[in-house]
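Undergrad: Sharing a structure, written as structure tokens. Questions coming.
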Amino acid sequence: MFSLLQEAATTAVEITGEEAVVIDETAPHAADAHAYGDAAHYAAESAGLPQLDVTTFGNQIFWLVVTLVVLYLVLSRVAVPRIAAVLSDRQGALTGDLMAAEEFKQKAREAEAAYDKALAEARSEAQRIVAQNRAEIQAELDRAIVKADAEISARTAESEARIREIRASADDSAREVARDVTATLVESFGGKADAAAVEAALDSRMKGSVQ
Amino acid sequence: MATEATGGLEFHPMDQFIVKPLFGGETVAWYTPTNVTLWLFLTALAATALLVLGSRGRAIVPSRAQSVAELTYGLVHKMIEDIAGKDGLRYFPYILTLFLFVAFANLLGLVPMAFTVTSHIAVTGVLALGVFFGVTAIGFIKNGAHFLDLFWVRSAPLAVRPILAVIEVISYFVRPLSLSIRLAGNMIAGHAVIKVFAGFAAIAAVAPVAVVAVVGMYAFEVLVALVQAYVFTILTCVYLKDALHPSH
């Protein structure tokens, strides 16, 4: 790159050298028409880089300072506050949206909890109702069973009473039959049937058998 | 002229840097509107267009132009914050101005027939001296005499410190020179090389090579234009850091 630059520089010098000759020829003209600044301008130019032409420095610096001041004022008064505001707005919006999302998530969680709670309540209510119904049915059943038991025992008692009655009557009948048979037997053997003796004999005989 | 001498081969690689009055005339007085003035104006206009018109929508979801404006803003903002620290952000508008000015001057200089204002030592010199004096003033205002600690390296052994101080002082005063010459030199070299290659395009035999070379150099120069703007800004931030926190 440097060799190219050098080449370019020498070419420039060659060119400007020739130009200088031309200028020399028209030198009186130039001096007439323009101030010495122009001659100096060309002289500096012919020395090499236009960058080193000191006569244009004042001009460049003046306009540069004007440009920089204007640009600085525009940027610092308009652009920077505006972009800063936009960026902070965006940050705010993002934070706000995230917070809103968090809130919604919280709400959803609460709704889910409420739903779960309602479900659990409904389930326990159902269980309670089932248990209650079962208890009622059980109670009714118990009552029915008790009633039935009572009826059964009443009937059993009745039956037993009747059986006892029947047995008692059967005893009495058997005693009567036995007394009659005994009296008849005694009489047919030629004895004299003593009612009291027959009674006593019957009592002693029947004591073990029936009672 | 050399045109006749070299048979169609024209080399005027430095002509593009000549300062000319815009509305005729030959003299360049301090107030004359010149091609420098025009391109300075266009540079400021482009920078304004990007940042002011780009952010006009103030949209939460940015348009493309607004995205670029915000990215530029963010790039410089982050650079200052990372290098100079939070207290360097006070000078953000000025550093943003510098970055945009240099970047757009470099880029606009690549437009064919354009004038590259940052290829002039007078322009880059003023930019660099502005940074130099500004940073030095900030250093003394913020730290008083402690700013001189910058030159007195306490972490070094006592015997070495005077030598280091001399080196530090020299390097401090070379800063504006290196800042301005780096930028102008890059711009001059790149543009001159493009012109030289373009000059070769007049010869039919090498014209394809020259055209390819110009395209290649152009792409390279776009990179250089942005990199130099970045380097100028980042060095400004480094100098600002030294001014704000002079102790090593």
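The values are calculated or read from the model by the stated rules, or taken from the named source; none is laboratory data. In this text the structure is predicted, and so the values were computed from the model without any measurement. When we count neighbours, we look across all protein chains shown, and the Cβ atoms used for this are built from the backbone with ideal geometry, even at glycine.
Undergrad: Please go through the stretch B:104-134 and give me each residue that is of a type outside the set (S, T, N, Q), assigned to a helix (DSSP H, G or I), within 12 Å of chain A (Cβ to nearest Cβ) and in contact (Cβ under 8 Å) with a residue 60 or more places away in the chain, ordered by number.
TA: B:104, B:105, B:117, B:121, B:123, B:127, B:131
Undergrad: Of the residues A:201, A:126, only one is modelled with pLDDT of 95 or more and surrounded by 10 or more Cβ atoms within 10 Å (Cβ to Cβ); which?
TA: Numbers: A:201 fails: modelled with pLDDT of 95 or more.
After ruling out the rest, the residue left standing is A:126.
Undergrad: Condition first: more than 7 Å from every other protein chain (Cβ to nearest Cβ) and assigned to a loop (DSSP other than H, G, I, E, B). Now tell me which residues in the stretch B:14-28 satisfy that.
TA: At the first step, the residues of the stretch B:14-28 found to be more than 7 Å from every other protein chain (Cβ to nearest Cβ) are B:15-16, B:20-25.
Within the stretch B:14-28, B:20, B:22, B:23, B:24, B:25 qualify.
Undergrad: Of the residues B:83, B:138, B:95, which is within 14 Å of another protein chain (Cβ to nearest Cβ) and either crowded, with 17+ Cβ neighbours inside 10 Å or modelled with pLDDT of 95 or more (or both)?
TA: Numbers: B:83 fails: within 14 Å of another protein chain (Cβ to nearest Cβ); B:138 fails: within 14 Å of another protein chain (Cβ to nearest Cβ).
B:95 is the lone residue from the list that is within 14 Å of another protein chain (Cβ to nearest Cβ) and either crowded, with 17+ Cβ neighbours inside 10 Å or modelled with pLDDT of 95 or more (or both).
Undergrad: Determine which single condition residue B:202 fails, assuming it passes every other condition in (1) assigned to a helix (DSSP H, G or I); (2) crowded, with 16+ Cβ neighbours inside 10 Å.
TA: If we test residue B:202 against (1) assigned to a helix (DSSP H, G or I); (2) crowded, with 16+ Cβ neighbours inside 10 Å, just (1) comes out false.
Undergrad: So, of the residues in the stretch A:72-105 that are at the interface with chain B (Cβ under 7 Å from one of its Cβ atoms) and more than 51 Å from the chain's Cα centre (by Cα), which turns out to be surrounded by the most Cβ atoms within 10 Å (Cβ to Cβ)?
TA: A:74
Undergrad: Please give the number of the condition residue B:61 fails out of (1) at the interface with chain A (Cβ under 10 Å from one of its Cβ atoms); (2) part of a helix (DSSP H, G or I).
TA: Result: residue B:61 passes all but (2).
Undergrad: Which of (1) part of a helix (DSSP H, G or I); (2) facing another protein chain (nearest Cβ under 9 Å); (3) within 30 Å of residue B:18 (Cα to Cα) does residue A:69 not meet, given it meets every other one?
TA: (2)
Undergrad: Give the residues of the stretch B:167-194 that are crowded, with 20+ Cβ neighbours inside 10 Å and under 17 Å from residue B:11 (Cα atoms), sorted by residue number.
TA: B:188, B:190, B:191, B:192, B:193, B:194 - these are the residues of the stretch B:167-194 that are crowded, with 20+ Cβ neighbours inside 10 Å and under 17 Å from residue B:11 (Cα atoms).
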